[in-house]
1. Suppose only helical runs count, i.e. DSSP H with n ≥ 4. What mean residue ellipticity at 222 nm does that imply for the chain under -39500 (n - 2.57) per run, divided by all residues and rounded to the nearest 500 deg cm²/dmol?
2. With both bridge residues required to lie in the stretch 66-155, what share of the DSSP beta bridges run antiparallel, to the nearest 5%?
3. Counting pairs of alpha carbon atoms under 8 Å apart in space and at least six apart in sequence, what relative contact order in percent does the chain give?
4. Using modelled amide H (1.01 Å from N, peptide plane; none on Pro or chain starts), what sits under 5 Å from the amide H of GLY157, excluding residues fewer than 5 places away?
5. Apply the Karplus curve 6.51 cos²θ - 1.76 cosθ + 1.60, θ = phi - 60°, to the phi angles in the stretch 174-186 and return the couplings in whole Hz, x for Gly and Pro.
6. Simple spin-label model, 7 Å along Cα-to-Cβ: LEU4 to ASP160 in nm?
7. Just to be sure I follow the definition: excluding the sites themselves, where is the longest run in the chain that has none of the trypsin sites (Lys or Arg not before Pro) in a DSSP loop with at most 16 other Cβ atoms within 10 Å?
8. Placing unit charges on C-beta atoms (Lys and Arg positive, Asp and Glu negative, everything else neutral), compute the dipole magnitude of the stretch 66-155 about its Cα centre in debye, rounded to 20.
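Read-outs throughout are calculated quantities, based only on the coordinates presented, and are distinct from any laboratory measurement. Source: prediction; values computed, not measured. Quick reminder, even Gly has a Cβ in these numbers, built from the backbone with ideal geometry, and neighbours come from all protein chains shown.
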Amino acid sequence: MNGLFADHGVDVEILDPTGGPDNVVRVGSGDSDFALTSVQHYLSARATSGDIAARFVAMVVQRSPIGALVPSSSALRRPADLAGCRAGGDPANPQVIEFLATLDHRGIARPTLVELDAPSAQAALRRGEIDAIVALVDALPRRRRQVGISLRAIRVGRDDVYGSGVLASDRVPDALVSQVRNAVVAALEAQRQAPETGLIQMAERYGDDRTDDAPEGWRMLQEFVFTDRPTGSMDADRWRTTLEFLCAARGLAVPAFESVYRPEFLGAMAPS
């Protein structure tokens with residue numbers, strides 16, 4: 001990874017993530033220069049910390065991967081089948097909020113939400129007490145391991161709503177942002193060609209079993225990364241839709257669009 005970034009003229013120090021919205025705040029405070037994070041985490045950070053001196057400069061996950069995970073033996077197969085089922089989740093969780101709002105957008109009746117935290121929902125699914133849990137579809141491999149039964153994903157996410165991307169501190173100059181953007185896109189393309197790349201380094205760094213889940217999760221995520229849009233690109237109309245939809249779902253005021261992304265980086269990647 002560092003070699004790839006070096007090829008694009010960037011010297012990178014990889015910092016361990018601090019989790020969710022905290023990563024956004026860390027970039028805004030200047031403790032780090034870039035982060036890969038979701039739009040939902042960014043909105044959560046703004047909701048608690050106000051304006052953030054960091055904005056998106058590239059989008060990695062071009063289409064929302066929100067959905068539900070159900071037992072492989074379940075009769076639930078399509079988004080419409082989720083109407084009226086028992087779904088476990090925390091009603092305050094942004095993923096659950098997006099899931100329910102997306103069903104509303106699709107005209108699908110909401111499931112009965114059984115209020116459970118993530119571990120309790122997984123245990124309830126295993127026992128058959130609920131029919132589904134809300135999750136990003138690429139989380140299936142890890143959730144399957146945690147639940148302990150075979151699972152299947154039902155994606156409901158909107159194609160015109162962004163998932164996650166590269167966040168840059170406002171103090172980072174455009175030239176460096178361009179180099180990092182191009183390096184990230186090159187890394188994604190390299191991962192597409194060789195999905196097992198980096199697993200040894202990942203295991204050495206974290207020393208846990210997430211490497212067992214990573215290749216399958218990546219394969220499931222690829223359709224949301226490599227779309228009909230240029231990899232890593234940003235679009236003003238897509239941003240408008242994303243912010244208006246997610247903010248309305250969460251009861252947040254829609255921020256000024258250009259306070260969320262750098263307008264000079266709209267469109268496809270420019271040569272560095």
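1. On the way: 10 runs with 116 residues, N = 272.
Rounded to the nearest 500, it is -13000 deg cm²/dmol.
2. That works out to approximately 60 percent antiparallel.
3. Values: 459 pairs, mean separation 77.7, N = 272.
29 percent.
4. ILE66
5. Whole-Hz 3J(HN,Hα) from phi for the stretch 174-186: 4, 4, 5, 4, 4, 5, 5, 3, 5, 5, 5, 5, 4.
6. With each label point 7 Å from Cα toward Cβ, the separation is 3.2 nm.
7. Values: sites that count: ARG77, ARG171.
Answer - 172-272.
8. Details: 13 positive and 9 negative charges, 91 e Å.
Rounded to the nearest 20 debye, it is 440 debye.
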